[in-house]
Amino acid sequence: MKLLHYPVMNREVIDVLGDPGDGYFVDCTLGMGGHSFFVLKRFERSRVLGVDVDEESLVKARENLSEYGDRVTIVRCDYMKVFDVVDFGKYHVSGMLIDPGISMVQLKDPQRGFSHNIDSPLDMRKDRGFGISAADVVNTMSEKELIGIFRDFGEVKLADKLAKCIIERRLFGPIDTTLKLKEVVEKVFGKRVPKGKVHPAAQVFQALRIYVNDELGGIEDFLLKAASILEKGAKLIFISYHSVEDRLVKRTFKGLANDGRAKLIKPFPMFPSEEEVRENPPSKSAKLRVVTLQ
Ligand SMILES: C[S@@+](CC[C@H](N)C(=O)[O-])C[C@H]1O[C@@H](n2cnc3c(N)ncnc32)[C@H](O)[C@@H]1O
């Protein structure tokens, strides 16, 4: 397997999952199959049900997992709809992982518009056959709507100033590429990035990506549904990459624990090791939370 995308907190996922026997590991965000590859390799009888919305990632996943033959089943859909698409009565599920966001391959793809460092059309849709693009958002939404998106999904400081600047800039033509948007961001925040800080465009791009793909919309309902459908003892594992998402997962897992429907394996999130962050710096923001269903 070509490790074009390094699976984040892979060791921790394997540890908390434990040996599923011949049960299924449901990888809700299969990407190119990184986590699933290591689960299949480590646990010889385990099977994977892999889900992703992005066909280009699934092409790679099929290739990367081909050596595991019929131990792997792949379904293309939004993971939030997986309970409508797959009959879980047929699967003995030992663990389910949600590792959302985007893979490094998606981030670096010059056609997708996820990175402020690569000049590309301002798209950001994970499923390119569906929905509105980031360019549609930036070029058509009102100042008030843009402020809401930047604040709620990116915790962007100066969200009002940025939205105003976008409205003014678009009078001179559409902001339809990543670098055009980055220029506007730099006009508001300056070009210099203080040491140890991320470029302000990172938060702005994150906010737009979350909005365009409605990443937070159904998380709580999805986790509650998973808790009601999956068998007792199954592990529900979530890796978040930003605080807005992590707060949502934390609250939902706590609620399930308080209702006696799940047990928190640890009261606090797990973080990637220093070694992992050194080898794969983007893993730095990851937080893993896990519950065992009761
Ligand atoms: C960080 S990558 C996952 C990488 C994977 N765990 C691995 O190790 O190769 C995130 C993946 O989740 C997918 N994804 C994000 N949101 C999704 C959703 N709502 N439904 C299905 N797939 C989604 C993305 O297309 C992307 O391939």
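What is the number of the single condition among (1) more than 26 Å from Gly129 (Cβ to Cβ); (2) more than 14 Å from the ligand (Cβ to nearest atom); (3) not in a loop (DSSP other than H, G, I, E, B) that Thr73 does not meet?
(1)
Out of segment 125-138, which residues are crowded, with 16+ Cβ neighbours inside 10 Å, in contact (Cβ under 8 Å) with a residue 12 or more places away in the chain, away from the ligand (no atom under 12 Å from the Cβ) and not small (Gly, Ala, Ser)?
Val137, Val138, listed by residue number.
Select from segment 72-124 the residues that are among the hydroxyl-bearing types (Ser, Thr, Tyr) and farther than 18 Å from His35 by Cβ and write down the one among them that is surrounded by the fewest Cβ atoms within 10 Å (Cβ to Cβ).
The qualifying residue surrounded by the fewest Cβ atoms within 10 Å (Cβ to Cβ) is Ser120.
May I ask you to verify whether Arg42 is closer than 14 Å to Leu17 by Cβ and among the basic types (Lys, Arg)?
yes
What about Leu146, is it more than 21 Å from Asp123 (Cβ to Cβ) and either free of Cβ contacts under 8 Å to residues at least 24 places away in the same chain or surrounded by fewer than 14 Cβ atoms within 10 Å (Cβ to Cβ) (or both)?
When the stated conditions are applied, Leu146 does not pass them.
I'm trying to understand the selection: among the residues of segment 1-54, which are free of Cβ contacts under 8 Å to residues at least 24 places away in the same chain and out of contact with any helix residue (DSSP H, G or I) (no Cβ under 9 Å at 6 or more places or on another chain)?
Asp15, Glu44
What single numbered condition from (1) surrounded by fewer than 21 Cβ atoms within 10 Å (Cβ to Cβ); (2) small (Gly, Ala, Ser); (3) more than 30 Å from Thr177 (Cβ to Cβ) fails to hold for Ala226?
(1)
Bear in mind these aren't lab numbers, they're just calculated from the coordinates by the rules spelled out. Just so it is clear, the structure is predicted and the values come from calculations on it, not from any experiment. For neighbour counting, all protein chains shown are included, and Cβ atoms are generated from backbone atoms with ideal geometry for every residue, glycine included.
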